[in-house]
Structures are given as C-alpha cells and as structure tokens.
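Asker: Encoded as structure tokens, here's the structure I'll be asking about.
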C-alpha cells in the first residue's frame, strides 16, 4: 500500500511541468491582433469593395451631365419604290430596287431633365457614404470581437495559473497526508481524498487547455491569419477602474455611433432617388447634332456620296404610364417612413446598450474589490487550516474544503478582472469609440 501511494505521488510530481507566469514564445499582443484584424478580416475587405463600388456608381451617374456620342451604320434595301414625277424629267421615274448606305455620328446633350441627373448623383453620393458608415460599423464590431476574444484567451491563461497553483497546494498537502499515513496518524481514506482532489483539478486544467485552443481558433478566424500561437500575459496594473457619468456615455453614443450616420445616409439616398422619379413628371429636353454620310443609289445620285448635318431639339414627355410612377413614389414614401422608425429603434437600442454596459461596469468594479478581499481572506484561512492540519487539529476533509474555497475565490477574482475589461470594451463599442491600441 505504501509503495502504491509513493508511485502515485511520483507520477503526479513528474506531471507538474508547467511554469507559472512564463511568457509563451510568439505571443500576440492585443495591438498586433487588432492591426492584423483590421488589415485582413474578410468582412472589412468586402466592405472596402462596396465602397469602391459606390464610387464607381457615383462616377457613372455624373457621366450623364456630359454629352453622349454614338456612331451607327445603316443599310436599307427598298424593293418597291413608288413612281414619282421629277420636275427635271418629263418621263416618270421607273420603279426599281434602291440601296441606301448611311454612316452617322450623333452627339446628344441633356438640357433639362427635371433635375433628374442631379438627384441621381446626390443619391449615389449618399449611398457611398452609407457604405462608408457600414464599413465603420463592421470595423467597430470587429474591434470589439477581437478584444473580447483576446481577453477570453487571457482569462483562460489566468484560470490555468490558478488551477496550477491549486495543484501545487494539493500536491504539498498530499505529501503531508502520505507522511501522516506512513506514520499511522491518518487513514487511507484521507489520502484518497487528497488524491481525488488532485485528479479533479487536473481534469479541470486539462479541459481549460483544450478550451484555450478553441479560443485561439476563434481569434484566427477574426484575424484571418494562422496560426495564433498565444496571447500576452494579462496585467491589470494600468487600470484604476474609473467610470464616467452615464449621461456622458449616452451623449457620446448619440454623437459617435456610426449606425446613426448610416441610417441618415440611407434615408437621404432614398429621398434623392424619390426626387429623381418625380422628375419624370417634367419634360425631358435634349439637344442633338447628327452628321450623316449617305449614299442613296437613286438615278440622280447613283455612285455619289453626300454628307449633311441635322441640328435639333428632342422633347420627351411621358404623359401616361398606367400609374407606375405614382406607385413607385408611394413605395419610396413607405420606405422612408420605415427608415424613420428604424432610426428610432436604433436610438433606443443604443441607449439600452449603454445603460447595460454602464451597470455591468459598476457591478464588475464592486466584484473586483470584493473578490480580491475574499481571496486574501481565503489565503489566510488556508494558512491557518494547513497549520492546524499539520498539528493534528484539523482533518484532511477540512483542509480540502478550505483549499477548494481558495481556488474558487481566486478563479472568481480573475474572472471579475477580465469581465471588467470585456465590459469596458463593450462600453467603448456602445459609445462608438472602440480602442484600437493598447
């Protein structure tokens, strides 16, 4: 029996090989992670393409201000031409097939379109601004997601360190218990109790290690790079846990959230497009100049080419279209009403997000101070319990319970620290001012 416990202790001692607080090689800093994410994330790359697409559409609409030149080639073959009396010929012209060759160049310039072109251009400009706001929305969300994923990885490392420290304590207690057992001062039950506690903590630590790889995989997806070997060790020395007034956060959110600019640009784009549709109620006036280079194979002009210009004004006025324009304008009016309600929803949602993040920060700050004090008290309680156990005044179960309480309080304290930073990142996102540097 003694040999069995000695071998068990030896195996557990050899398994204890992870050093505490050591910075892993190739660890990625938060600023580096944010930089990689902003450069390589696929969602942001898509939004950049949409911005370029919007610029191209704006240039396309602006091109309607300038004249349009078209070229055409025409061939007509008339098989039956009516007989005509020509003033310079006493005999009537005979009916025979006629071939007509016509090459022409036409220049067309809009003069008045009911401000349709101007409204389409302004609509395209607002649409591009909408795309730019959408890029900022996705950028802010990405910064928040990367920050929280990075801090979740740091929390996992802290939890591993707490469990490693707990394993070290249990290992020392197990050694003491084994010595007591060999001296006949305790039972095998106490030794097994300590061994089971060690195995439980080791199982939990092993689960944490696998979860850490899952978190890094999530980080790799957000950054669109691989592999991410690890993150830097967490340090809370830079925080004084200050919180501004709720009214300040609400004001900043209503001023800086890109979702509000986005919905405004979307509504403005619809307004200008609606005006462009309404412009069709006005006549469209175009000036055009056409140059013809013509060869009609008739008797008096056979085998001869002639050229001439045609100058004119083209007026088009759609007088009736079975109500299509009226219904389209109604549809656009409804969409503007929907966007107005959507803007109100966004404002209320932003207020709710800010208030929730604010309450979370207040709770987190209190939890940090309380759990830190609790850890200090649990450490002292463990010191006393260990001392009494070594003196034979406390049982192994008492020592095990105190050690378990110390581990739980330390885990809770580390979780409170990381949750503060995650909720701070949430507040930065809620007010539209995400931090992209450490």
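Any read-out appearing in this document is the output of simple, stated calculations on the displayed coordinates, not a laboratory observation. Since we're looking at a predicted model, the values are computed, not measured. So basically every Cβ, Gly included, is an ideal-geometry build from the backbone, and we count neighbours across all protein chains shown.
Asker: In nm, to one decimal, how far is the residue 380 label point from the residue 31 one, both placed 7 Å along Cα→Cβ?
Answerer: Each label point lies 7 Å from its Cα, and together they span 4.0 nm.
Asker: Sticking with this structure for a sec: Shape of region 139-190 from its Cα gyration tensor (a ≥ b ≥ c, root eigenvalues): rounded if a/c is under 1.5, otherwise prolate when a/b > b/c, or oblate? Before the final figure, lay out each step's value.
Answerer: Details: a/c = 11.64, a/b = 6.19, b/c = 1.88.
Prolate, because a/c is 1.5 or more and a/b exceeds b/c.
Asker: Arranged by the count of other C-beta atoms within 10 angstrom, fewest first, what order do 389, 135 take?
Answerer: Details: 389 22, 135 19.
By the 10 Å Cβ count, ascending: 135, 389.
Asker: How far is helix 30-40 tilted, in degrees, relative to the longest principal axis of the Cα atoms in the chain, given as a value from 0 to 90 rounded to the nearest 10?
Answerer: Roughly 30 degrees, rounded to the nearest 10.
Asker: A further question follows. With 10 Å bins from zero, work out the P(r) of region 89-181 over every alpha carbon pair and list the percent per bin.
Answerer: Values per bin, smallest distances first: 11, 12, 11, 11, 11, 10, 8, 7, 6, 5, 4, 2, 2, 1, 0.
Asker: Between residue 370 and residue 344, what FRET efficiency comes out of the Förster formula 1/(1 + (r/R0)^6) with R0 = 51 Å and r the beta carbon distance, rounded to 0.05? It would help to have the intermediate numbers written out before the result.
Answerer: Numbers: r = 39 Å, r/R0 = 0.77.
Working from the Cβ atoms, E equals 0.85.
Asker: Another one. Please work out the Cα center distance from region 341-417 to region 251-314, rounded to the nearest Å.
Answerer: 68
Asker: Further question: Relative contact order (percent) for the chain, with alpha-carbon contacts under 8 angstrom and 6 or more residues of separation?
Answerer: Numbers: 572 pairs, mean separation 106.4, N = 438.
For the chain, the relative contact order is 24 percent.
Asker: Is the shape of region 233-327 rounded, prolate or oblate, going by the alpha carbon gyration tensor and its root eigenvalues a ≥ b ≥ c, with a/c under 1.5 for rounded and a/b larger than b/c for prolate?
Answerer: Values: a/c = 6.37, a/b = 2.94, b/c = 2.16.
Prolate shape, in that a/c is at least 1.5 and a/b is the bigger ratio.
Asker: Output the 0 to 90 degree angle, nearest 10, between the alpha-carbon long axis of helix 42-62 and the longest principal axis computed from the alpha carbons of the chain.
Answerer: 20
Asker: Oh, and also: How large is the direction-averaged shadow of the alpha-carbon convex hull of the chain, in nm²? Present the calculation step by step, with values, prior to reporting the outcome.
Answerer: Numbers: hull surface 148.3 nm².
With the hull built on Cα positions only, its mean projection is 37.1 nm².
Asker: If you line up the Cα atoms of region 282-404 on their principal axes, what length do they span on each, largest first, in Å?
Answerer: 134, 39, 22
Asker: Note the full-extension length gain between residue 112 and residue 334 as 0.36 nm times their separation in residues minus their Cα-Cα distance, in nm to one decimal. All intermediate terms of the calculation are to be shown ahead of the outcome.
Answerer: Working: separation 222, 0.36 × 222 = 79.92 nm, distance 2.87 nm.
The span from residue 112 to residue 334 would gain 77.1 nm if fully extended.
Asker: Still on this structure, please answer the following. Give, in nm to one decimal, the length gained when the segment between residue 390 and residue 46 is fully stretched (0.36 nm per residue of separation minus the Cα-Cα distance). Before the final figure, lay out each step's value.
Answerer: Details: separation 344, 0.36 × 344 = 123.84 nm, distance 6.53 nm.
Gain on stretching residue 390 to residue 46: 117.3 nm.
Asker: Still on this structure: For region 148-289, what is the largest minus smallest coordinate of the Cα atoms on each principal axis, given in angstrom and ordered from greatest to least?
Answerer: Dimensions of region 148-289 along the principal axes of its Cα atoms: 113, 41, 25 Å.
Asker: How long are the three semi-axes of the equivalent ellipsoid of region 218-258, in whole Å, if each is the root of 5 times an eigenvalue of the C-alpha gyration tensor, listed from largest down? Provide the component values of the computation, followed by the final result.
Answerer: Details: eigenvalues 206, 80, 5 Å².
Ellipsoid half-lengths, sorted descending, are 32, 20, 5 Å.
Asker: For a test of the definition: using alpha carbon positions, the gyration tensor, and the 1.5 limit on a/c, classify region 376-438 as rounded, prolate or oblate.
Answerer: Details: a/c = 6.54, a/b = 4.82, b/c = 1.36.
Prolate is the answer for region 376-438, as a/c is 1.5 or above and a/b outweighs b/c.
Asker: Tell me, what is the FRET efficiency for residue 192 and residue 38 to the nearest 0.05, using R0 = 41 angstrom and their Cβ-Cβ distance as r?
Answerer: Using R0 = 41 Å, I get an efficiency of 0.15.
Asker: Against the longest alpha carbon principal axis of the chain, how many degrees, from 0 to 90 and to the nearest 10, is the axis of helix 246-256 turned?
Answerer: Roughly 30 degrees between the two axes.
Asker: Now for a different question. State the extension gain, in nm to one decimal, for the chain segment bounded by residue 241 and residue 317, taking 0.36 nm per residue of separation less the distance between their alpha-carbons.
Answerer: Extra length available between residue 241 and residue 317 comes to 20.5 nm.
Asker: Take every DSSP beta bridge with both residues inside the chain and express the antiparallel ones as a percent of the total, to the nearest 5. Write down the numbers at each step before the final one.
Answerer: On the way: 34 of 35 bridges.
Taking every DSSP beta bridge with both residues in the chain, the antiparallel ones total about 95 percent.
Asker: If you count, for each residue, the other Cβ atoms within 10 Å and average over each peptide, how do 322-332, 64-74, 115-125 line up from highest to lowest? Intermediate results must be reported in sequence, preceding the final value.
Answerer: Values: 322-332: 12.7, 64-74: 11.2, 115-125: 19.8.
Answer by packing, highest mean first, reads 115-125, 322-332, 64-74.
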